[in-house]
Amino acid sequence: MANKANKKNEATALDLNETLSRSEAFVTKYKKQLIIGCVALVVVVGGFLGFKYGYLQPQEEKAQTLFTQGLTYIAQQDYDKALKGEGKFPGYIKLANSYKLTDASNLANIEAGFCYYQKGDYKNAIKYYEAFSPKGDKTVSAGALAALANCYAASKQVDKAIETFRKAADKADNESMSPAFLLEAGKLLESQKKNDEALKVYTEIKEKYPNSTLSARQPAQNGLMMDAEIDRYIQRVSK
């Protein structure tokens, strides 16, 4: 048994030595190429870090400051100045187009879309809402999708509106926002006389989000419980 173990150890040692020899031979043969590769990697990593901290971070900070300034015009309902700017504020259109790769630029698309929607310019509202890139959050991104759905509905693109409301509901994935977005999709299906499809959506609200305001029974003034709001929609399309 000892001899077998010794032979096994010797074989392992030989394999290891052979592997090391091959590795050394590879390094010796391709030494120049490996050095060039390492230098290139350092340059790429260094370039990325330089871009991130030397350019992108300052751009992000500046864009965030400008983005916040523009909210004042939104609050004042001065949508033209919010879009095109005033003084040092460049406007959300320029902010969206001139500060690419920043989060503020991405969010500026939402504000520009909102301003155009309020002005009744649904074509440009859709343009900027579509330019927004949804992230991993369940609030802002979901809300932006719902706003885009509203724009589609306002411009008579009902099928797109329904599809986008459903995407917004999936993105939100919560008891407060998702049922509201699905309800809008259901109402649009009703407007198309697609009651069977609307029924599926309303039923989904009740079954998937039972604790939502739409699905929960509410107390009445006489102390009794009223039927859930979603039940009225279900009954309406079930006739």
Could you compute how much accessible surface E197 exposes when probed at 1.4 Å, giving the result in Å² to the nearest 10?
90 Å²
In whole percent, the fraction of accessible protein surface over segment 55-160 that belongs to carbon or sulfur atoms, probe radius 1.4 Å, stands at 51 percent
Treat each spin label as a single point 7 Å out from the Cα along the C-beta direction, and report the K119 to K208 distance in nm.
3.6 nm
Given a 1.4 Å probe and the protein chains all in place, what does the accessible area of M177 round to, in Å² to the nearest 10?
50 Å²
Pick out, in residue order, every one of the trypsin sites (Lys or Arg not before Pro) in segment 122-159 that is DSSP loop and has at most 15 other C-beta atoms within 10 Å; say none if there are none.
K135, K138, K156
With contacts defined as alpha carbon pairs under 8 Å and 6 or more residues apart, what's the relative contact order of segment 113-193 in percent?
23 percent
Prolate/oblate/rounded label for segment 128-239 (Cα gyration tensor, a/c 1.5):
oblate
On a 32 Å Cα-Cα criterion, which of the cross-link pairs K88/K127; K123/K193; K81/K206; K81/K200; K123/K206 come out too long?
K81/K206; K81/K200; K123/K206
At R0 = 30 Å the Cβ-Cβ FRET efficiency linking K127 and A216, nearest 0.05, sits at 0.20
Near K194, which aspartates and glutamates are there with a Cα under 15 Å away, not counting those fewer than 8 places off in the same chain?
D159, E163, E184
Any of K156/K239; K138/K167; K119/K156; K160/K239 with alpha carbons more than 21 Å apart? Name them for me.
K156/K239; K160/K239
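The values are calculated or read from the model by the stated rules, or taken from the named source; none is laboratory data. Predicted, not measured: the structure shown is a model, and the values here were computed from it. Every residue, glycine among them, receives a Cβ derived from its backbone with ideal geometry; neighbour counts consider all protein chains shown. Side chains are part of the model used for accessible areas, which takes the heavy atoms of the whole protein and leaves out ligands, DNA and RNA. Shrake-Rupley method; radii C 1.70, N 1.55, O 1.52, S 1.80 Å.
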